[in-house]
Amino acid sequence: MISVRKEVLTDYGCRVLEAAGVPKDEAAFVTECLVNNDLKGYTTHGVGRIPWYIPGFKEGRTYPFGKTGVKIKILRETPAATIVDGCGGIGFTVAKQAMELTIEKAKRVGMATTGCHNLGHIGRVGMWAEMALEHDMIGVALQGVRGAFTTPWGGIESRLPPNPISVAIPTGHGSPFVMDICIAPSSGAKMYNLVQRGEEAPPGWLIDKEGNPTQDPNVFLGGGGTMLPLGQEGLGYKGYALSMVLSVLSGPLIGAYDFESHRPTSSAFLGAIDIAAFTPIDEFKRSMDDMVADIKSSKLAKGFKEILIPGEGARAREEQALKSGVPIPDWGWQSMMETAKELGVDTSVYKVEAGSVSLHP
């Protein structure tokens, strides 16, 4: 494991994306999103993800908007709802435009939603829900993923996507509430990381193609196995039901559904709720603070030092990462360097010494 500073990650992301054909401004924005994820501890959706995106640019499956001049295209709308075509654009760029549109509509009518399809990977969905916070709104974001990760309750074959979802809620003091999870035991990137580290998955996550319990992540990554629905033993039907609901919102509801594969296409469902349309914002924030205080007042279980609300852990990790850098596995850094060299990027500016990376421009 090596420690990589924010400025190094930023330099790498901008250089590599620009070398892959992404215009300077758009490369800077995408990099900012990815570095933000790294700092918060979501390294599976950080700068190390760039090598996964490059093939999409090369094969023409994803288009940098700054290069083509394309913007999202509105296909259908009402005062509160919008369906947009992402025109194959980079998911980060599409999601930003779509969430800005959603927030502006929510300001006018109280709450609004936008369904997007035909776009690239939008990364950590929490980024887009969090955009609503600065407007004193509640943000909602989820992505429909074409690939199937989990089996339905009672099945042994993959039929449902991981269903990443985030809800961001402002508070008066301290950290805002930011739920950012997937409705599956793990993301695909985390399973890949387990394989790279030679580690097993926790019990109860996976079954093989015959339906037998397994902890071997290779069984999931190409071995015909699948993930079980989220939930404690015997309660997977709850995760299964929730996964179906989110699949509907990010699929059939917004017209993002592939009838050949019987699964959602690459899509996103974004929402914004203007709190002031329902209750005075100051009263809402006081109520949130009271709720948080009450929750934190619970007696602690063994092994716990404090009770955190969703989002607080990421905020603490960000503060630490800004001081000491982002921990990245050696194999992850190596993959990043290989991608940079393939694109003709000079990697000699990155010096690895004593377990950390410094920048020598």
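The values are calculated or read from the model by the stated rules, or taken from the named source; none is laboratory data. Only a predicted model underlies this, so the values are computations on that prediction, with no experimental measurement involved. A quick note on method: Cβ atoms are made from the backbone with ideal geometry, for glycine too, and the neighbour counts reach across all protein chains shown.
For the reader, a short list of remarks on this structure follows.
- Being under 17 Å from the mean Cα position of the chain (by Cα) and over 29 Å from Gly236 (Cα atoms) holds for only one residue in Val109, Val140, Val94, and it is Val94.
- The listed residue being at pLDDT below 90, more than 29 Å from Lys190 (Cβ to Cβ) and crowded, with 16+ Cβ neighbours inside 10 Å, out of Val84, Val70: Val70
- Residue identified as farther than 26 Å from Thr102 by Cα, of a type in the set (D, E, K, R) and either outside any loop (DSSP other than H, G, I, E, B) or at pLDDT 95 or above (or both) among Glu26, Glu7: Glu7
- Checked against the criterion of being within 19 Å of the chain's Cα centre (by Cα), assigned by TED's automatic domain parsing to the domain that holds Gly154 and modelled with pLDDT of 90 or more, the candidates Leu253, Leu235, Leu246 yield just one match: Leu246.
- Members of region 331-361 found to be among the β-branched types (Val, Ile, Thr) and touching a strand residue (DSSP E or B) at 6+ places or on another chain (Cβ under 7 Å), listed by number: Val349, Val352, Val357
- Residue within region 165-181 that is under 20 Å from Ile122 (Cα atoms) and in contact with a Leu (Cβ under 6 Å, 6 or more places away or on another chain) present: yes
- Residue list for region 280-332, filter: surrounded by 13 or more Cβ atoms within 10 Å (Cβ to Cβ) and at positive phi: Gly311, Gly325
- Region 326-348: number of residues that are closer than 17 Å to Leu17 by Cβ, part of a helix (DSSP H, G or I) and polar (S, T, N, Q): 2
- Tabulated pairs, region 231-256, first more than 11 Å from Phe269 (Cα to Cα), second among the basic types (Lys, Arg) and not in a loop (DSSP other than H, G, I, E, B), C-beta under 7 angstrom, 6+ apart or interchain: Gly231/Lys238
- Residues of region 10-23 that turn out to be part of a helix (DSSP H, G or I) and among the β-branched types (Val, Ile, Thr), as a count: 2
- Of all residues in region 155-209, those satisfying the criterion of being assigned to a strand (DSSP E or B) and touching a Ser or Thr at 6+ places or on another chain (Cβ under 8 Å) are Leu160, Pro164, Phe177, Val178, Met179, Asp180, Ile181, Leu206, Ile207.
- Conditions (1) assigned to a strand (DSSP E or B); (2) surrounded by 14 or more Cβ atoms within 10 Å (Cβ to Cβ); number of the one not met by Lys351: (2)
- Looking across Val109, Val125, Val145, one residue alone is surrounded by fewer than 21 Cβ atoms within 10 Å (Cβ to Cβ), touching a residue at least 24 places away in the same chain (Cβ under 8 Å) and not small (Gly, Ala, Ser). It is Val109.
- Region 303-326, residues that are under 17 Å from the mean Cα position of the chain (by Cα), of a type in the set (Lys, Arg) and over 13 Å from Gly174 (Cβ atoms): Arg317
- One residue from Glu157, Glu134, Glu130 being among the acidic types (Asp, Glu) and under 21 Å from Thr44 (Cβ atoms): Glu130
- Subset of region 181-219 [among the aromatic types (Phe, Trp, Tyr) and at pLDDT below 90]: Tyr192
- When residues of region 157-171 are limited to those that are at pLDDT 95 or above and touching a strand residue (DSSP E or B) at 6+ places or on another chain (Cβ under 7 Å), the one farthest from Ala256 (Cα to Cα): Thr171
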